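Since the structure comes first, as structure tokens, the remarks are kept for the end.
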Amino acid sequence: MLILGIETSCDETAAAVLEDGAKLRSSIVASQAALHADYGGVVPELASRRHLEAILPIVTKALQEAGVGLQDLDGIAVTQGPGLVGSLLVGLSVAKALAYVHHLPLVGINHLEGHIFAGFLQEPRPSYPFLALLVSGGHTALYHCPAPLGYRLLGATRDDAAGEAFDKVAKLLGLGYPGGPIIERVARDGDPRAIPFPVAQFSDGAPDFSFSGLKTAVSLFVRKHGPLTPRLIADVCASFQATVVKMLVRRTGRAALREGTRRILVSGGVAANRLLREALQAEAEERGFELFTPPPALCTDNAAMIAAAGYARLLAGERADLRLNAVADLRLVARPRA
Ligand code: KG4
Ligand code: ZN
């Protein structure tokens with residue numbers, strides 16, 4: 001079964017061809033990072049225009065690299081939300097047009113479900129139940145996944161997403177966009193214990209996250225000690241990164257213990273971070289958890305993960321019709337959508 005996946009929810013135009021839910025025949029990602037770099041974040045109108053220019057060449061390239069034609073496909077999976085509505089509409093319109101013209105089954109995918117399915121693109125694949133930590137630019141959340149296509153939200157960020165915190169801190173340090181990979185690089189020369197930034201705690205004990213206090217602490221530090229030397233900038237990056245990682249690892253470990261889950265899947269752009277991957281691996285080994293992390297290229301936005309989720313939903317009999325529409329704040333629901 002050959003599925004074409006299409007992803008345009010934010011600032012990556014991506015298409016991929018996946019065979020039988022696991023064999024990646026092609027995965028093409030065109031990043032718009034350079035386009036948005038001057039603004040320190042994604043400019044929605046610019047994003048949708050660039051998607052329009054890029055989408056057909058990217059789909060064509062994905063098909064070519066996979067060595068297949070549209071007539072060989074068995075279905076199309078496209079990101080329906082959450083994301084920027086103008087950007088989502090570009091991918092959806094192309095997916096619907098191709099499905100209509102080539103009489104192909106179509107399915108709309110929740111972007112967050114896609115991130116979870118990135119964990120199924122390599123061996124070993126997690127068996128159910130497992131806990132999923134999603135850490136991206138738009139979301140930071142913990143889900144309990146009891147069975148295929150089932151999701152229960154355990155906790156989420158109360159303010160900024162983890163990736164958003166990386167992006168904002170990079171911006172206030174004048175380091176550029178996207179912040180995650182830049183901070184990770186600069187942090188290599190810094191001391192993670194140099195600045196004791198606060199770790200958010202909730203008195204109600206909820207497995208939620210909060211990063212705005214940390215962001216404010218970094219901002220106050222910069223104001224008090226600026227202009228910062230390169231050495232101090234590296235220390236800020238290392239200390240900030242270590243604090244984010246500590247928060248994510250702690251909450252995830254505790255939630256897994258509480259849920260009695262022995263398997264943890266981590267995905268989303270921030271899961272590309274090496275320190276986070278290593279810290280989670282150490283936590284998993286210490287507590288006897290099994291950790292599943294997609295390779296970094298499949299943690300950040302891509303269409304392979306959308307095709308993987310699409311494969312599962314198409315197999316489950318799900319079909320979308322041409323009324324399929326973008327939903328900017330689409331939630332990851334507990335049951336398969338009819
Ligand atoms: O999943 P993703 O590609 O897009 C969203 O769905 O949001 O995540 C993008 C986010 C950005 O905030 C970016 O700064 C962050 O992931 N990110 C990282 C790293 N690579 C990307 N954060 C920390 N370390 C990284 N290596
Ligand atoms: Zn994403």
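At-a-glance table
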{"quantity": "Residues that are charged (D, E, K, R) and surrounded by fewer than 19 Cβ atoms within 10 Å (Cβ to Cβ), drawn from the stretch 181-238", "calculated": "ARG185, ARG188, ASP189, ASP191, ARG193, ASP204, ASP208, ARG223, LYS224, ARG231"}
{"quantity": "Residue that is farthest from ligand 2 (Cβ to nearest atom), among those in the stretch 111-136 that are outside any helix (DSSP H, G or I) and surrounded by 24 or more Cβ atoms within 10 Å (Cβ to Cβ)", "calculated": "LEU131"}
{"quantity": "Residue that is farthest from ALA118 (Cα to Cα), among those in the stretch 58-84 that are surrounded by 15 or more Cβ atoms within 10 Å (Cβ to Cβ) and of a type in the set (Val, Ile, Thr)", "calculated": "VAL68"}
{"quantity": "Residues (within 19 Å of ARG25 (Cα to Cα) and basic (Lys, Arg)) located in the stretch 71-129", "calculated": "ARG125"}
{"quantity": "Residue within the stretch 244-266 that is on the phi < 0 side of the Ramachandran plot, over 20 Å from the mean Cα position of the chain (by Cα) and outside any helix (DSSP H, G or I) present", "calculated": "yes"}
{"quantity": "Candidate set from the stretch 270-284 (those that are out of contact with any helix residue (DSSP H, G or I) (no Cβ under 8 Å at 6 or more places or on another chain) and small (Gly, Ala, Ser)); member that is farthest from ILE182 (Cα to Cα)", "calculated": "ALA284"}
{"quantity": "Residue that is surrounded by the most Cβ atoms within 10 Å (Cβ to Cβ), among those in the stretch 95-110 that are among the hydrophobic types (A, V, I, L, M, F, W, C) and not in a strand (DSSP E or B)", "calculated": "ALA95"}
{"quantity": "Evaluation of GLU53 against (1) within 16 Å of ligand 2 (Cβ to nearest atom); (2) without any contact (Cβ under 8 Å) to a residue 24 or more places away in the chain (one fails), failing number", "calculated": "(1)"}
{"quantity": "Every pair of residues 6+ apart whose Cβ atoms lie under 6 Å, when the first sits in the stretch 170-196 and is at positive phi while the second is at pLDDT below 95", "calculated": "GLY176/ALA37"}
{"quantity": "Any hit, the stretch 18-39, residues being among the acidic types (Asp, Glu), away from ligand 2 (no atom under 16 Å from the Cβ) and in a strand (DSSP E or B)", "calculated": "yes"}
{"quantity": "Some residue of the stretch 142-157 being farther than 13 Å from ASN273 by Cα, free of Cβ contacts under 8 Å to residues at least 60 places away in the same chain and within 16 Å of ligand 1 (Cβ to nearest atom)", "calculated": "yes"}
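The values are calculated or read from the model by the stated rules, or taken from the named source; none is laboratory data. None of the values given here were measured: they were computed from a predicted structure. Glycine also receives a Cβ, built like all others from the backbone with ideal geometry; neighbour counts cover every protein chain displayed.
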